[in-house]
Structure formats: structure tokens, C-alpha cells
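Written out below as C-alpha cells is the structure these notes cover.
The values are calculated or read from the model by the stated rules, or taken from the named source; none is laboratory data. All of these numbers come straight from a predicted model, not from anything done at the bench. Cβ: placed from backbone, ideal geometry, glycine included. Neighbour counts: every protein chain shown. Just so you know, the surface numbers come from the protein's heavy atoms only, side chains and all, with ligands and any DNA or RNA stripped out. Shrake-Rupley method; radii C 1.70, N 1.55, O 1.52, S 1.80 Å.
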Amino acid sequence: MAKVNVDALIPREDFDVQENINLGKKKETISIEDLKIDSFFFSNIRKPDFQRETNEWDKNRICEFIKSFIEGDLIPAIILWRSTGGYLFVIDGSHRLSALSAWVNDDYGDGKISKLFYDGVISDEQIKVAQETRKLVNKTVGSYEDFKLAIIHPDKVKPEVVKYAKNLAAAAIQLQWVEGDATKAESSFFKINQQAAPIDKTELKLIESRKKPNSIAARAIISTSN
């Protein structure tokens with residue numbers, strides 16, 4: 001089954017980006033409101049610059065995950081690392097965050113965020129898959145707009161949407177934080193991702209030498225061909 005491309009929802013950034021700010025206390029959980037693209041939290045979320053594209057889930061998996069969240073099922077914690085520049089790097093959980101953000105922002109690879117990310121050039125296949133995903137989610141779960149409408153006008157949406165809409169106020173995803181510098185964050189990323197979905201030796205070598213000209217060229221070619 002075709003995979004849904006939600007790569008645009010979380011931008012990439014270099015682990016080593018530096019700015020001088022006070023890090024302060026970190027959040028322990030995030031709510032559905034935190035997943036809006038203009039929220040203070042989500043606007044600072046980043047993926048490591050070397051992370052693979054977020055396009056491994058098909059429409060059924062995305063739909064089931066959204067459904068699990070609104071029904072209050074147990075969801076694994078998202079693992080983050082906060083840089084000295086204030087960016088919140090996703091060490092583990094980019095697909096989970098992207099799937100929920102796709103629902104909240106109505107962007108399954110063809111929305112406003114994706115159009116800006118791809119400079120308006122989105123393949124017909126990606127648009128088709130996005131539309132199919134949206135249709136499935138809206139039919140099975142309901143759109144995020146339906147859930148917001150349920151709070152104000154419950155008589156205008158399905159009873160099950162009203163039921164689960166009330167749960168969203170208290171729904172939260174647990175966060176875990178990697179402590180340490182950029183080297184520790186990168187090491188944690190490799191350890192976690194090697195356990196879940198091993199990175200092949202060639203890609204690992206390209207990532208580790210990613211700042212060298214040959215690796216930059218090779219990754220650019222790979223990205224273009226995908």
C-alpha cells in the first residue's frame with residue numbers, strides 16, 4: 001500500500017545549531033493544542049538534519065494511530081532533546097507527532113504546510129495518497145474541525161465525535177527528555193533507531209560523515225530519487 005508523506009510537518013535542523021538562551025524547565029506532556037503548526041511548542045519541533053523522510057506509514061496506520069489517541073489508548077512516550085538554541089529535536093516519535101499534526105492541521109502531504117515545504121511542487125501520487133488518507137480519517141474518526149465543532153454545536157456532528165471531543169481536553173502524550181549535549185543526543189538517536197528499524201551500513205556511514213562533500217552529494221542524489 002502507498003505510504004503517506006508527512007515529511008513536511010516537522011522541519012529539519014542541525015543538532016549543532018547554537019544560540020544563547022535560558023533552557024528553563026521542560027514540559028512533561030503535550031496536548032492536542034500543542035500540535036497546531038503555529039503553537040509555541042510545535043513551531044520549535046525539529047528533526048535531525050540526517051533523519052530519513054517521514055513517509056513510512058500508510059493511510060490505515062495513520063488513521064488507526066489517530067483513533068488510538070482520541071480513544072485514550074496507551075501511546076509510547078515521545079523522546080526529545082532540547083538544544084541550547086531552544087529547538088526541540090525528536091529523537092524518537094516523529095511519525096507519531098507527524099500523524100497527529102497531519103490531523104490537526106489537515107495536511108496529509110497536500111496541505112498548506114506541505115505546499116510551502118515543497119515550493120508548491122507536489123507529485124500527483126502524493127496528492128492522491130493524501131486525499132485518500134483524509135477521506136479515510138474523516139470517515140473513520142472525523143476531522144479535527146468536526147471535533148472543534150462538537151464542543152460548540154454538538155447537535156451538528158456524530159454522537160461519537162461529541163463523546164471523544166470531550167476527552168481531548170485531558171488527552172496528553174508523555175514526553176521523555178535526553179539530557180546532555182549534541183553528541184549525547186546524536187548517540188541516543190542512533191541507539192534508539194537501530195533498535196526499532198535498523199539503518200543499513202551504507203546510510204549509517206553517510207550520516208556519520210554527513211558534513212563531508214561526498215556524503216552531502218550522495219544524500220542529495222538519494223533524496224532526489226525517492
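As a summary of the residue check, Ala99 satisfies the conditions (1) of a type in the set (A, V, I, L, M); (2) in a helix (DSSP H, G or I); (3) surrounded by fewer than 18 Cβ atoms within 10 Å (Cβ to Cβ) except for the one numbered (3). Considering only region 14-43, how many residues are open to solvent by less than 50 Å² (accessible area, probe 1.4 Å), in contact with a strand residue (DSSP E or B) (Cβ under 7 Å, 6 or more places away or on another chain) and modelled with pLDDT under 90? Number of matching residues: 1. Given the criterion open to solvent by 60 Å² or more (accessible area, probe 1.4 Å) and part of a helix (DSSP H, G or I), identify the matching residue among Glu64, Glu56. Of the residues listed, the single one that is open to solvent by 60 Å² or more (accessible area, probe 1.4 Å) and part of a helix (DSSP H, G or I) is Glu64. Only one entry of Val104, Val121, Val90 meets the criterion of being of a type in the set (Val, Ile, Thr) and open to solvent by 60 Å² or more (accessible area, probe 1.4 Å), and that entry is Val121. Within 20 Å of Ala2 (Cβ to Cβ) and at pLDDT below 95: is that true of Val129 in this structure? No, not satisfied. Please determine whether any residue of region 166-180 is surrounded by 12 or more Cβ atoms within 10 Å (Cβ to Cβ), of a type in the set (Gly, Ala, Ser), in contact with a helix residue (DSSP H, G or I) (Cβ under 9 Å, 6 or more places away or on another chain) and assigned to a helix (DSSP H, G or I). For region 166-180, residues surrounded by 12 or more Cβ atoms within 10 Å (Cβ to Cβ), of a type in the set (Gly, Ala, Ser), in contact with a helix residue (DSSP H, G or I) (Cβ under 9 Å, 6 or more places away or on another chain) and assigned to a helix (DSSP H, G or I): absent.
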